[in-house]
Amino acid sequence: MFEPRLALASLSGEADAAWARAAADHAGAAFLGGIAVDEPSREAARKLVARDREEFLPADPFEFIDDQLAAVADSPAAIRPGINVRTTTVEPVCEVAAICADHDAILELNAHCRQAELCAVGCGETLLADTERLAEYVAAAAEAAPAVSVKVRAEVDDVDLASVAKRIAAAGADGIHVDAMDSESVIADVAAATDLFVIANNEVRGRESIREYMEFGADAVSVGRPSRRPNGPVMAAVSDAVAELTTEPTP
C-alpha cells in the first residue's frame, strides 16, 4: 500500500497538506483529516469546535479534500496521500472516492473517533457495531478509490475487530488501520483473520514497539502526536527502526 511502511495518522484539525509535507522524508503515507463530509457529521464537528476541539470545517469539504490531496501529491518527497473521512451516509463516500482516484490517494473511512457528538449521529466508532453500514461504505469507496482503509479502535465493548476485519475485507477494503489502545495483541487477531494490509497505531515510539507490532503481524505502523515534530527525536527513531525492521531477512 505504501513504502516505507510508516504512516502519519490523522490528527483532528491539524493533519493537513503542510503537516504531511513536513514529515514526508520519514513516511510512506499521510492520512489527512479527519474530515466530516455530510451534514450530520459536520454539525457534530461544529459542536466539538464549540467545546474547544480543533476540527476541519471548510465551507466545501470536497474542494478542500481535492486541494489538500493535490498539495501532498506534489510534495518534493514521495509520500502517498490519504484522507480520513467521517460520514453518516454513503453518498459522500462516492464523491470522495472519485477525488482520491485523481490523486492515487487512500480513502480511509473513520470507524474510530469516540467523541459523544460524533457517536450520537452515527459515525466514528459506532460503525464498529454496525458492520453492514460500514461494509456499505467500503463497497462504495472501492468502486473508485485506488485503495480503501478503515481506521478502527480496540477496546470497544462487544466489538470483535477480527470479525470487523473479515466483513470489510469481503466488502472490498485493502487495509485496516488499528488503534490498538492498550491491547497490542489485537493486531495478531486482525492479521490472522484476513489478508488486509494491517497498520498498527498507538505508542509507536521506537524499535521495541515497532518490532512488537510486526511480530504480531502488522504490515506497517503509524504515528500521530510525534508527527507534530517531524524533525524531532521520536520521528527519527521511528523512521530508522521501520527502515531497519522492514529490510531484515525473514527467519
### Message
Just the residues that are touching a residue at least 24 places away in the same chain (Cβ under 8 Å) and part of a helix (DSSP H, G or I), please, taken from the range 109-131.
### Response
Glu117, Leu118, Ala120, Val121, Gly124, Glu125, Leu128, Ala129, Thr131
### Task
Looking only at the range 234-251, decide whether some residue is buried (at least 18 other Cβ atoms within 10 Å of the Cβ) and closer than 20 Å to Gly34 by Cα.
no
#### Entry: Filter result (among the polar types (S, T, N, Q) and either crowded, with 23+ Cβ neighbours inside 10 Å or within 15 Å of Cys100 (Cβ to Cβ) (or both)) within the range 133-166
Ser149
### Message
Just to check your reading of the model, which residue among Ala169, Ala173 is surrounded by fewer than 24 Cβ atoms within 10 Å (Cβ to Cβ), within 16 Å of the chain's Cα centre (by Cα) and within 30 Å of Ile99 (Cβ to Cβ)?
### Response
Ala169
### Query
Has the range 53-70 got any residue that is touching an Asp or Glu at 6+ places or on another chain (Cβ under 9 Å), of a type in the set (Gly, Ala, Ser) and farther than 17 Å from Lys151 by Cβ?
yes
### Query
Among the residues of the range 136-144, is any touching a residue at least 24 places away in the same chain (Cβ under 8 Å) and assigned to a loop (DSSP other than H, G, I, E, B)?
yes
### Task
Could you tell me which residue of the range 25-41 is farthest from Gln115 (Cα to Cα), considering only residues that are small (Gly, Ala, Ser) and buried (at least 22 other Cβ atoms within 10 Å of the Cβ)?
Ala27
### Message
Please count how many residues of the range 181-220 are over 17 Å from Ala29 (Cα atoms), buried (at least 24 other Cβ atoms within 10 Å of the Cβ) and small (Gly, Ala, Ser).
### Response
0
### Residues of the range 108-158 classified as in contact with a strand residue (DSSP E or B) (Cβ under 8 Å, 6 or more places away or on another chain) and small (Gly, Ala, Ser), total
8
### Task
Might you check whether a residue that is buried (at least 19 other Cβ atoms within 10 Å of the Cβ), of a type in the set (Gly, Ala, Ser) and over 26 Å from Arg53 (Cβ atoms) occurs anywhere in the range 119-126?
no
### Query
Among the residues of the range 99-118 satisfying the criterion of being surrounded by fewer than 16 Cβ atoms within 10 Å (Cβ to Cβ) and among the hydrophobic types (A, V, I, L, M, F, W, C), which is nearest to Ile176 (Cα to Cα)?
Ala101
### Query
When the residues of the range 42-98 are filtered to those that are touching a Ser or Thr at 6+ places or on another chain (Cβ under 8 Å) and closer than 22 Å to Met1 by Cα, which remaining residue is surrounded by the most Cβ atoms within 10 Å (Cβ to Cβ)?
Gly82
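No lab work stands behind these numbers, since they all come straight from the coordinates. Please read these numbers as outputs of a predicted model, since none were measured by experiment. In this analysis, Cβ positions are derived from the backbone assuming ideal geometry, glycine residues included, and neighbour counts consider all displayed protein chains.
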